[in-house]
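All remarks here apply to the structure that follows.
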Amino acid sequence: MRNFYLLLICFCAPLSLLGQQEPLYAQYRTNLFVINPAYAGTLSYNELRLNYRSQWRRFPGAPQTLTMSYHGMVDEKNGLGFIAFNDAVGPDTRNGGQFSYAYHLPLGWGGTMGQNYLSLGVGVKLLQYQFRADRVFFADQTDPTIAEVAVPIYLGDASFGAYFHNDNFFAGISAPNLLQSDFSGSIDGSQPNLLSRLYRHYFAIFGYRFVYDNMTIEPNVLIKKVQTSPYQAEGLVKFHLVDEKMFIGVGYRTDWLLTTMFGFKANRLHFIYSADFMPVQRSAAQVYGASHEFTVGIDLNDNWKQFYEGE
């Protein structure tokens with residue numbers, strides 16, 4: 001029976017991860033690089049961000065994600081960046097890192113909206129999956145099956161992105177897990193396996209900045225698709241105040257999830273907090289609870305080229 005329960009745990013864990021193989025972020029707009037490699041180096045400064053997300057606080061073993069990202073420009077047409085993250089769901093953990101390169105192509109002037117740019121980016125990542133047996137109680141800790149399923153699994157994959165932007169408008173598409181690597185380290189596109197394969201994710205985002213004398217309003221829409229799941233859409237409106245030193249935001253996702261967001265910056269430092277919650281009349285709101293997300297960041301003026309040259 002204990003082998004049966006262990007097998008049941010290992011069977012159910014991938015199912016729980018199937019819909020969230022990529023880390024989930026409510027604050028995607030504050031750092032698009034975490035979902036699109038083409039965003040690397042599109043700013044006049046370099047971004048260093050540390051993000052922590054605690055999802056479904058009332059649910060035992062709920063997802064928790066810690067992410068560090070950094071990206072910047074090598075020169076006007078090239079950008080580099082990397083991401084490191086830890087994603088945990090119950091006894092299942094996923095550690096990973098991704099290096100990204102982006103090429104920026106000027107497309108001419110956009111009139112009052114400034115210069116148009118198209119960025120194309122690719123990312124290569126390495127993942128480690130591990131079942132943490134120490135987080136589960138077993139009647140017989142000496143069972144060899146426990147040690148067998150606790151052996152880490154390593155695999156790699158790739159992502160692609162495109163990002164168009166000017167001073168006011170932006171739009172991007174990206175696709176992680178292009179190779180659909182399986183958990184044994186092999187790649188076999190003709191024989192997909194529900195429980196042992198990475199699935200392609202698709203992200204599409206677009207938005208616009210309306211600039212006024214005392215405020216900037218930025219609405220955007222993010223559409224997400226996983227091969228085995230239905231489409232999901234998320235809308236967010238940010239209101240930038242006090243010369244864009246502070247902002248508040250409100251969003252809605254198609255699974256009845258509401259998002260509130262607040263952020264401010266002091267010199268080069270950024271602090272952002274957001275909370276996701278469901279309407280109280282829905283039963284799921286009582287079971288899962290709210291999700292919380294924190295971001296601390298700093299903007300650096302030096303680009304990658306200056307870093308390598310020691311300037």
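Multiplying the residue separation of D255 and A158 by 0.36 nm and subtracting their alpha-carbon distance yields 32.1 nm.
The Cβ shell under 10 Å around I298 holds other residues with a net charge of +1, Lys and Arg each +1, Asp and Glu each -1. The orientation-averaged projected area of the convex hull spanned by the Cα atoms of the range 61-114 comes to 5.6 nm². Cross-link partners for K245 among the lysines, with Cα-Cα distance under 25 Å and sequence neighbours closer than 8 places in the same chain left out: K265.
Exposure check, 1.4 Å probe, all protein chains in place: Y25 carries approximately 20 Å² of accessible surface. The calculated FRET efficiency for the pair H292 and Q227, based on their C-beta separation and a Förster distance of 30 Å, comes to about 0.55. Sorted largest first by accessible area at a 1.4 angstrom probe radius, with every protein chain in place, the residues R268, R253 fall in the order R268, R253.
The values are calculated or read from the model by the stated rules, or taken from the named source; none is laboratory data. These figures come from a predicted structure and were not determined experimentally. FYI the Cβ positions are ideal-geometry reconstructions off the backbone, even for glycines, and counts take in every protein chain you see. Surface areas here come from the heavy atoms of the whole protein model, side chains and all, with no ligands, DNA or RNA. Shrake-Rupley method; radii C 1.70, N 1.55, O 1.52, S 1.80 Å.
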